[in-house]
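Data block below; observations after.
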Amino acid sequence: MRKSAPVLILVLGLAALALFWLPRGSDYDRSPLGNKGLELWLQAKGIPVVRSDPHVARASSEISLRIFPLSIRQGEAVASQPANPAKEASRYALPTLIILPKWRGSVSTDGIASKSGLVDLTDIGGELDKIGYSDIGFARSKTDFEEAQIQLKSGQPIKIDLYQAQTFERSSLPSGCKEIAGTPLGALLLRCAQKPNVYVLSDPDLLNNHGMALADNAAFAVSLVERLRGAGDVRPVYLDTAGEPLDREKPVDEGKSYERSASDLKRFFAYPLSVIWGTLLVVAAICCWRGAYRFGPPLGDTSGNIEMSKTAAIDATARLLRLSGNDGRMAGQFVLHLLADKAQLLFGSGAGNQAGIARLFQRLARQDKAGAQALHAAAEALTERGHVMTRSDLHRNLETFRKMLGSFELGSR
């Protein structure tokens, strides 16, 4: 029987490895620094979006605009790929928006954006050099928030708001580079003559999940995409987070269709798959036998016994307190249990503690501040001094507590 333990440990270890090796790219996409919000927002505005997939080849003729976000998280992976978005944009005459990095990956995991989470400007310059842009300086706002009015369409100004705004220094722009949009601090969007189909955005907060929630940044994102992809173009926008090279034309589907029959099922049980199936059956049999031998047959549903046990425990405690003549302590416990039950009713099962009770009083104070203070005073008196009160004082405080609690409207969330 003990010899089955190594087998079980091996199976559990393999299952754990499989669990932790699952791809978790979607976690980053939905984080504050990801671009899932941009994808959903563009689709809601009638602009189709396709995402990069290492297993799917994309042709430049299939898409209207390529959005290529660089980041510290993706910088090394993108740099190791043969694809250069700026070169491919010129080769295929494909409008391409390159978004520079700004935040470290720790901002996404910690959920805290501060100056310590900003990417070093020299690192951003290095990423810019890799795609053919060099000697362009950067500026960062000295204030927390930078507001500006951006006009991508004539007569339609859009208010944007950026936290720790990051822009290009206008004095450092090459002669062939044109500013498309900017703030008083500097340029936000560039287009250079030597790469006419490439646009570079200095601040990713205009298109990532947390930045699009500020001011009219979401409206700016839609206007920007509509301008860059061209009016009347119905092809989807390509959100490229993998850095895979594009094809000039759509790959020809050379797949063949085959007829399937029941005899094909036999291949799942041919060697060496038969060894795997046999091993799984043996392990399952050992687990079932071990569970039945050690723990016996499965028990019936006993969920109803839980409430009965709680009631019995409360009744037993109350009886012991009465026998000992300590009605005050019993009253204090009653008050605490009642307040905890009310807190759980309002805030969920995890609120039956002191923090939940404090949150309950804060909510009651919004209804009636004076009443909540009186209720809190009565409850505190019963729980802290109930054991030294006389019987008449105890009954009087209990009656006050009951009336004050009944005066509030308590309901579920």
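Residue check, residue 185 against (1) closer than 21 Å to residue 219 by Cβ; (2) of a type in the set (A, V, I, L, M, F, W, C); (3) in contact with a Ser or Thr (Cβ under 6 Å, 6 or more places away or on another chain); (4) open to solvent by less than 20 Å² (accessible area, probe 1.4 Å), all met but one. Which one? With (1) closer than 21 Å to residue 219 by Cβ; (2) of a type in the set (A, V, I, L, M, F, W, C); (3) in contact with a Ser or Thr (Cβ under 6 Å, 6 or more places away or on another chain); (4) open to solvent by less than 20 Å² (accessible area, probe 1.4 Å) applied to residue 185, the lone miss is (4).
Yes/no per residue for (1) at pLDDT 65 or above; (2) on the phi < 0 side of the Ramachandran plot; (3) not assigned by the TED database to the domain that holds residue 44:
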{"residue": "229", "(1), (2), (3)": "yes, yes, no"}
{"residue": "232", "(1), (2), (3)": "yes, no, no"}
{"residue": "260", "(1), (2), (3)": "no, yes, yes"}
{"residue": "278", "(1), (2), (3)": "yes, yes, yes"}
{"residue": "292", "(1), (2), (3)": "yes, yes, yes"}
{"residue": "303", "(1), (2), (3)": "no, yes, yes"}
{"residue": "315", "(1), (2), (3)": "no, yes, yes"}
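Look through region 152-173, keep the residues that are polar (S, T, N, Q) and loosely packed, with under 14 Cβ neighbours inside 10 Å, and return whichever of them is nearest to the chain's Cα centre (by Cα). Looking at residues that are polar (S, T, N, Q) and loosely packed, with under 14 Cβ neighbours inside 10 Å, I get 156.
Does residue 59 satisfy the condition of being on the phi < 0 side of the Ramachandran plot and at pLDDT 90 or above? Judged against the criteria, residue 59 is not a match. Of the set (1) within 16 Å of residue 29 (Cα to Cα); (2) among the aliphatic types (A, V, I, L, M); (3) surrounded by fewer than 20 Cβ atoms within 10 Å (Cβ to Cβ), all apply to residue 99 but (3). Tally the residues that are out of contact with any Lys or Arg (no Cβ under 9 Å at 6 or more places or on another chain) and either in contact (Cβ under 8 Å) with a residue 24 or more places away in the chain or β-branched (Val, Ile, Thr) (or both), restricting the search to region 104-114. Counting residues in region 104-114 that are out of contact with any Lys or Arg (no Cβ under 9 Å at 6 or more places or on another chain) and either in contact (Cβ under 8 Å) with a residue 24 or more places away in the chain or β-branched (Val, Ile, Thr) (or both) gives 5. Only residues that are farther than 11 Å from residue 328 by Cα, open to solvent by 40 Å² or more (accessible area, probe 1.4 Å), within 48 Å of the chain's Cα centre (by Cα) and of a type outside the set (Val, Ile, Thr) were counted across region 386-405, and they come to 3. Is one or more of the residues making up region 137-151 in a loop (DSSP other than H, G, I, E, B) and either surrounded by 14 or more Cβ atoms within 10 Å (Cβ to Cβ) or touching a residue at least 24 places away in the same chain (Cβ under 8 Å) (or both)? Yes - at least one qualifying residue is present in region 137-151. I need the full set of residues from region 343-368 which are in contact (Cβ under 8 Å) with a residue 12 or more places away in the chain, in a helix (DSSP H, G or I) and either closer than 16 Å to residue 409 by Cβ or open to solvent by 70 Å² or more (accessible area, probe 1.4 Å) (or both), in order please. Hits for region 343-368 are 343, 344, 345, 346, 347, 359, 360, 361, 363, 364, 367.
Residue-wise test of (1) buried (at least 19 other Cβ atoms within 10 Å of the Cβ); (2) modelled with pLDDT of 55 or more; (3) in contact with a strand residue (DSSP E or B) (Cβ under 8 Å, 6 or more places away or on another chain).
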position	(1), (2), (3)
7	no, no, no
11	no, no, no
24	no, no, no
42	yes, yes, yes
50	no, yes, yes
67	yes, yes, yes
77	no, no, no
85	yes, yes, yes
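For (1) assigned to a loop (DSSP other than H, G, I, E, B); (2) open to solvent by 50 Å² or more (accessible area, probe 1.4 Å); (3) in contact with a Lys or Arg (Cβ under 7 Å, 6 or more places away or on another chain); (4) closer than 15 Å to residue 181 by Cβ, each residue gets a yes or a no:
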site	(1), (2), (3), (4)
197	no, no, no, no
215	yes, yes, yes, yes
221	no, no, no, yes
225	no, no, no, yes
231	yes, yes, no, no
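Pairs linking a residue in region 176-188 that is more than 15 Å from residue 160 (Cα to Cα) and modelled with pLDDT under 90 to a residue that is open to solvent by 10 Å² or more (accessible area, probe 1.4 Å) and of a type outside the set (A, V, I, L, M, F, W, C), with Cβ atoms under 8 Å and 6 or more positions apart or on different chains, are 176/194; 177/191. The requirement of being acidic (Asp, Glu), in the same structural domain as residue 214 (by the TED database), open to solvent by 10 Å² or more (accessible area, probe 1.4 Å) and on the phi > 0 side of the Ramachandran plot is not satisfied by residue 120.
Just so you know, in region 154-173 the residues that are part of a strand (DSSP E or B) and in contact with a Ser or Thr (Cβ under 6 Å, 6 or more places away or on another chain) include one that is farthest from residue 187 (Cα to Cα), and it is 166. Suppose the filter is out of contact with any His (no Cβ under 7 Å at 6 or more places or on another chain), surrounded by fewer than 20 Cβ atoms within 10 Å (Cβ to Cβ), in a loop (DSSP other than H, G, I, E, B) and not aliphatic (A, V, I, L, M); does residue 132 pass it? Here the answer is yes, as residue 132 does meet what is asked. Per the listing 374, 340, the residue uniquely out of contact with any His (no Cβ under 7 Å at 6 or more places or on another chain), open to solvent by 10 Å² or more (accessible area, probe 1.4 Å) and either more than 17 Å from residue 409 (Cβ to Cβ) or free of Cβ contacts under 8 Å to residues at least 12 places away in the same chain (or both) is 340.
The values are calculated or read from the model by the stated rules, or taken from the named source; none is laboratory data. Here the structure is a predicted model, which is why all the values come from computation and not from measurement. Glycine gets a Cβ as well: all are built from the backbone with ideal geometry, and neighbour counts include every protein chain shown. All accessible areas refer to the heavy atoms of the entire protein, side chains included, with ligands and DNA or RNA removed. Shrake-Rupley method; radii C 1.70, N 1.55, O 1.52, S 1.80 Å.
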